[in-house]
Amino acid sequence: MKSICGVEGVRATGIKEGKFGLALIEASGAAAGVFTSNLVRAPPVTLMEERVKNGHLDAVIVNSGCANAYTGGQGYNDAIRMGEIAGHELGIDPEYVGVASTGVIGRYLDLPRIEDQCRRIAPLLERSIQAETHAARAIMTTDLTEKHALVRGNGFSVGGITKGSGMIAPNMGTMLAFLYTDADLSAATLSAALRQASNRSFNRIVVDGDMSTNDIALCTATGLAGSPAPGEFSEVLEECCRSLAIQIAMDGEGATKLLEVIVNGAPSEEEAATVARTIVASPLVKTALYGEDPNWGRVIAAAGRAGVRFDPDAVDLVISDGTISCPLVSDGKIVVDLVAAKKTMQGKKVIFLINLHTGPGSATAWGCDLTEKYVEINGRYTT
């Protein structure tokens with residue numbers, strides 16, 4: 001297995017028919033969630049903010065193709081109905097069914113389609129590579145690839161699937177992510193670990209700067225593998241979330257390159273993260289990345305507007321492809337070898353390392369380039 005079905009107690013299935021998909025994941029245990037901070041919250045987000053207070057889930061149902069967002073009272077009732085459909089097919093209490101949607105905003109759910117798809121796939125729930133693949137594929141919209149992660153701890157595992165390609169920006173819960181572990185944990189412990197992991201992974205990726213109405217990450221602990229050592233679960237969960245987050249950045253709409261920004265020497269971790277997110281979100285940095293232009297001025301300018309105090313004349317900036325590194329700025333002085341710098345940008349991954357020399361804070365953020373294809377995809381999204 002390569003993701004959720006590598007976790008004890010998890011079964012999955014899914015179906016994709018044109019733009020419309022449906023995934024079912026069955027796993028019982030303590031549960032927690034993080035959600036979008038967008039004021040325009042989709043009804044399934046509102047519903048799940050209420051349901052996770054129970055601290056327990058038995059299953060999750062997810063549809064793609066329609067976000068069920070900006071749909072008012074009908075949308076909220078439709079989200080409840082989705083949970084009832086899954087509950088009926090699985091023979092469980094709908095109050096313990098997680099519900100999520102992704103797709104076009106401002107359209108109502110086609111509940112007869114969802115009910116029909118659920119009826120057909122529920123008998124196919126199983127624990128296999130094929131099952132987790134079908135579930136991951138079912139929740140895709142403009143994604144080009146499925147996104148899987150599985151990390152083994154000391155006697156336990158954490159697995160996850162996610163979707164996300166556009167409307168990706170920080171300060172949210174995440175995109176759509178469904179995480180599972182067989183560690184034995186309380187809902188409170190799970191919630192704290194999920195928030196920390198999300199802050200260091202999903203909240204540090206930017207594709208286009210638009211925050212979705214439907215972002216949600218749910219994590220369920222089946223408890224079938226016993227209790228992990230203190231702190232170990234948080235580390236493993238964070239590694240799993242980071243892997244999924246990087247996959248989202250790599251699969252950004254129209255993207256051809258992954259951008260990684262590492263900030264050291266900030267006053268604190270959070271301030272380092274603020275600088276890193278500002279740089280990866282910059283349209284000027286992203287377009288320079290696409291054009292393989294090592295425009296260090298754009299990187300420094302983005303750092304300068306992040307709202308974090310530092311001395312520009314003390315900054316170090318290096319560009320790298322992960323193998324070869326080329327200094328751009330040293331102690332505030334331009335030292336670039338332009339030919340060497342451009343060479344580091346010819347591959348699929350470009351890293352900027354910036355040291356502010358103001359404190360102990362470090363953080364990493366991820367993004368991608370901005371291309372004509374992004375405009376093409378989003379210029380005709382609803383048509």
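Selection over the range 63-91 of residues that are outside any loop (DSSP other than H, G, I, E, B), on the phi < 0 side of the Ramachandran plot and not acidic (Asp, Glu) gives a count of 18. Across the range 278-291, the qualifying residues are those that are in contact with a helix residue (DSSP H, G or I) (Cβ under 6 Å, 6 or more places away or on another chain) and of a type outside the set (S, T, N, Q), and the one among them that is surrounded by the fewest Cβ atoms within 10 Å (Cβ to Cβ) is Leu284. Considering the range 302-312, the residues that are touching a Leu at 6+ places or on another chain (Cβ under 8 Å) and among the aliphatic types (A, V, I, L, M) include one that is farthest from Ala276 (Cα to Cα), namely Val308.
Under the condition of being among the hydrophobic types (A, V, I, L, M, F, W, C), in contact (Cβ under 8 Å) with a residue 60 or more places away in the chain and not in a helix (DSSP H, G or I), the residues counted in the range 37-55 number 2.
Suppose we keep only residues that are polar (S, T, N, Q) and within 19 Å of the chain's Cα centre (by Cα) within the range 225-249. Which one would you say is farthest from Val7 (Cα to Cα)? Per the stated criteria, the residue is Gln247. Going residue by residue through the range 360-370, is there one that turns out to be outside any strand (DSSP E or B), in contact with a helix residue (DSSP H, G or I) (Cβ under 7 Å, 6 or more places away or on another chain), within 25 Å of Gly164 (Cβ to Cβ) and at pLDDT below 95? The answer is yes, given that some residue of the range 360-370 is outside any strand (DSSP E or B), in contact with a helix residue (DSSP H, G or I) (Cβ under 7 Å, 6 or more places away or on another chain), within 25 Å of Gly164 (Cβ to Cβ) and at pLDDT below 95. Screening Asp321, Asp369 for residues that are surrounded by 14 or more Cβ atoms within 10 Å (Cβ to Cβ), touching a residue at least 60 places away in the same chain (Cβ under 8 Å) and acidic (Asp, Glu) leaves exactly one candidate, Asp369.
Give the residue that is surrounded by the most Cβ atoms within 10 Å (Cβ to Cβ), with candidates limited to residues of the range 64-87 that are of a type in the set (A, V, I, L, M, F, W, C) and closer than 20 Å to Lys53 by Cβ.
If we filter the range 64-87 for residues that are of a type in the set (A, V, I, L, M, F, W, C), which is where we start, we get 66-67, 69, 79-80, 82, 85-86.
This time we only want the ones that are closer than 20 Å to Lys53 by Cβ, so: 79-80, 82, 86.
On the way: Ala79: 24, Ile80: 17, Met82: 29, Ala86: 27.
By that ranking, first place goes to Met82.
Criterion applied to Arg242, Arg298 was being of a type in the set (Lys, Arg) and assigned by TED's automatic domain parsing to the domain that holds Lys147, and the one residue passing it is Arg242.
Applying a threshold of 9 Å to beta carbon distances and a minimum spacing of six or more residues, or different chains, the list of pairs starting in the range 164-189 at a residue that is assigned by TED's automatic domain parsing to the domain that holds Gly33 and ending at one that is aromatic (Phe, Trp, Tyr) and at pLDDT 95 or above reads Thr181/Phe156; Thr181/Phe233; Asp182/Phe156; Ala183/Phe156; Ala183/Phe233; Asp184/Phe156; Leu185/Phe233; Thr189/Phe233. For the range 266-308, residues that are touching an Asp or Glu at 6+ places or on another chain (Cβ under 7 Å) and closer than 15 Å to Ala365 by Cβ total 3.
Listed here are the residues, each with its yes/no results for (1) aromatic (Phe, Trp, Tyr); (2) buried (at least 24 other Cβ atoms within 10 Å of the Cβ); (3) under 25 Å from Ser243 (Cβ atoms); (4) not assigned by TED's automatic domain parsing to the domain that holds Phe20.
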position: Glu89; (1), (2), (3), (4): no, no, no, no
position: Arg127; (1), (2), (3), (4): no, no, yes, no
position: Glu132; (1), (2), (3), (4): no, yes, yes, no
position: Glu146; (1), (2), (3), (4): no, no, yes, no
position: Phe156; (1), (2), (3), (4): yes, yes, yes, no
position: Ile161; (1), (2), (3), (4): no, yes, yes, no
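Here Ala67 passes the criteria (1) within 23 Å of the chain's Cα centre (by Cα); (2) under 25 Å from Gly223 (Cα atoms); (3) aliphatic (A, V, I, L, M) except the one numbered (2).
Would a scan of the range 81-88 turn up a residue that is touching a Leu at 6+ places or on another chain (Cβ under 8 Å), modelled with pLDDT of 95 or more and not aliphatic (A, V, I, L, M)? There is at least one residue in the range 81-88 that is touching a Leu at 6+ places or on another chain (Cβ under 8 Å), modelled with pLDDT of 95 or more and not aliphatic (A, V, I, L, M).
The values are calculated or read from the model by the stated rules, or taken from the named source; none is laboratory data. Please read all numbers here as calculations on a predicted model, not as lab measurements. FYI the Cβ positions are ideal-geometry reconstructions off the backbone, even for glycines, and counts take in every protein chain you see.
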